[in-house]
Structures are given as structure tokens and as C-alpha cells.
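All of the numbers you see were taken from the coordinates with simple rules; none came from a lab. Computed from a prediction, not measured in an experiment: that's the story for all the values here. Cβ placement follows ideal geometry from the backbone for every residue including glycine, while neighbour counts extend to all protein chains displayed.
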Amino acid sequence: MSRKTVIAGNWKMNKLASEVPAFASELKAAITGAYDCDIVICAPYPLIPALNANKDVVGMGVGAEDVSAFEKGAYTGEVSVSQLKELGPQYCIVGHSERRQYHNETDSSVNAKTKALLANGITPIVCVGESLKQRECGLTKDFVNSQVVVAFSGISAEDAKKCIIAYEPIWAIGTGVTATNEQAQEACHDIRAELARIYDQETADSITIQYGGSMNAKNAADLLAQPDIDGGLIGGASLKPVDFATIIMATAK
Ligand code: PEP
């Protein structure tokens, strides 16, 4: 079984392109020890050229935060996958709960976006996760599995292996309330079991599954030590170079 640990920042609508060079050098300076992961920063489109220009400072990958499900045409404000490809990111988040909540992202648009990214050689980071109400009603596993089933519908095992899944319980995102190690491990394990059911165990075992939701410099090591958690998708703490570096170094074997 070989899968990559990926620590990805999700900057959301924070920071300016002009702040990227200082962030990159501060992050580099703050990484004072070993680590065993790929580092990625996902940011709004206007920041991608600056991230690309500074990616070698830290040895990081660059990601977008969304892409249109449509190929081209009259979709004012949307960015197509070919336009995104020209910007040169290697990753793109799809189905983040904030986009599901505020921008009507659905499981089927997540599926269309995932396919478009795969067809263009960009790694999708597919976000899934339950609300507090769903968790309290004991629906976490069924709900998250249903998101996974639709997101990966019509995607071959070979392509599925190129994807990253981020398990992000909505109640933990930006709230300071982190899932316990056991809750996060159980959900990531259930996602892997569902992937094995859809594909096969070998495919499931090769897909990176991140945890996201108030991961920070203090709780990262314990979360990352869980057998089915292969990294993190990190919002708030990824904006602070020292905290992000601490999370990165928490992957050291
Ligand atoms: C996120 O937005 O993907 C996220 C996990 O945010 P935070 O780390 O701030 O909870």
C-alpha cells in the first residue's frame, strides 16, 4: 500500500498576490525539521501566478479552489477548466462545503468538475462531510458515502487513484471544534471502505484521504497519526506560516 500524505492549505478569500513572496519565505524559514508530505496551497485564481512564481521557495504545489462544471460559453464569472489549466495549478478543490452551502454546489456538479479536472491533468481534491445535525442523527456514514458514490460516478479506478478526498465535517470547519481522532479516523476509514466497495481494495488503499476541520499546530500530529488519515486540508492555520510549518513537520515519520 502506498499513498502520499498531502498537507494542503485552503486560503479561501484571504491574502493578496502581493503577500505571497513573504509568505513563501516565512514558510520556508519556519520549516526547520524533517517532513514526509507534499505541500500544497490552494487559493483564489488571481493568486495562482504569484504562488507559481514562488512555489520553488518551499517546494510546494499550487491549487485552485473551484472550477466550472461547464466547458465554455455564457457563464458569466465562471472559470473553465481550460482557462484554469493555462494558469498552471496542479490541484483544484471541488465540493468544498462553503461552495455547497453558498453557491449551490451539488454532488453531480462535483462529479462533472472532478471529471473535467482529471481530463486536464489537474488533481481534484474532492471535499465531503456531514453537518452537525446529520452526525447527531447517526447519518454520517450514509451521507458521506452517498457523496462519495456520486462524486466518483463514471470515474475509472485508474482515474480515482489520481484524486484526493478531503473528509471535512461541516461543523468543524472554521469553528475551532475539531473532530476527535476517533471520529476523523472512523469517517476516513468508512470512506476507504466505500471506495473498496465501488472499486477494489487496492484502489481504495492508494487514494489519499485528508482530514479537514480546524486542524492546527496542536492537534495535527495526533490526527495525522491515524491509519486512514493521509494529510490535511487546512483553512485558518494555513494562513500562518509558523502554524502551517508545524503541521507540515507533524508528518515526519
Ligand atoms: C477548510 O476550509 O477546508 C478548513 C478545513 O478550514 P479550517 O481549517 O479553518 O477549519
Kindly identify region 143-198 as rounded, prolate or oblate by the Cα gyration tensor criterion: order the square roots of the eigenvalues as a ≥ b ≥ c, call it rounded if a/c is under 1.5, otherwise compare a/b with b/c, prolate if a/b is larger, else oblate.
-> prolate
Choose one answer from Val94, Val128, Val67: the residue with the largest mean-square fluctuation in a GNM of the chain with alpha-carbon springs under 10 Å.
-> Val67
Mean 1/r over all different Cα pairs, inverted: what Kirkwood radius does region 169-240 give, in Å?
-> 12.5
Once you list every other residue whose beta carbon is under 14 Å from the beta carbon of Ser153, what net charge do they have if Lys and Arg are +1 and Asp and Glu are -1?
-> 0
Any chance you could run the full-extension gain for Glu86 through Leu139? It's 0.36 nm times the residue separation minus the Cα-Cα distance, nm to one decimal.
-> 15.0 nm
Ser146 to Asp222: extension gain in nm, 0.36 nm per residue of separation minus the Cα-Cα distance?
-> 24.6 nm
Among Ile170, Leu47, Cys137, the residue whose Cα sits farthest towards the positive end of the charge dipole of region 6-249 (+1 at Cβ of Lys and Arg, -1 at Cβ of Asp and Glu, taken about the Cα centre) is Leu47
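Beyond a 29 Å Cα-Cα separation, which of these cross-linked pairs lie in this structure: Lys12/Lys115; Lys12/Lys85; Lys28/Lys218; Lys28/Lys141; Lys115/Lys218; Lys113/Lys218?
Pairs exceeding 29 Å: Lys28/Lys141; Lys115/Lys218; Lys113/Lys218.
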May I ask you to list the residues of region 38-54 whose amide nitrogen lies under 12 Å from a point 7 Å from Cα along the Cα→beta-carbon direction of Leu16?
-> none
For the pair Gln201 and Tyr102, the simple spin-label estimate (label points 7 Å beyond Cα toward Cβ) gives in nm 4.3
With springs connecting C-alpha atoms under 10 Å apart, model the chain as a Gaussian network and identify which of Asp66, Asp56, Asp205 has the largest mean-square fluctuation.
-> Asp56
If the label point sits 7 Å along Cα→Cβ of Glu26, residues of region 54-81 with amide N under 17 Å come out as 54-55, 57-58
In a shell of Cβ-Cβ distance under 14 Å around Glu78, excluding Glu78 itself, what net charge do Lys and Arg (+1) and Asp and Glu (-1) give?
-> -1
As a Kirkwood estimate from alpha-carbon pairs, region 39-143 has a hydrodynamic radius in angstrom of 14.7
Considering the dipole of the chain built from charges on the beta carbon (Lys and Arg +1, Asp and Glu -1) around the Cα centre, which of Thr106, Ile248, Ser153 is farthest to its positive end?
-> Ile248
Fluctuation leader among Gly231, Gly129, Gly61 - the chain, Gaussian network, Cα springs under 10 angstrom | Gly61
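Once you have the alpha carbon radius of gyration of region 6-249, what is it after dividing by 2.2 N^0.38 Å, with N set to its residue count?
0.95
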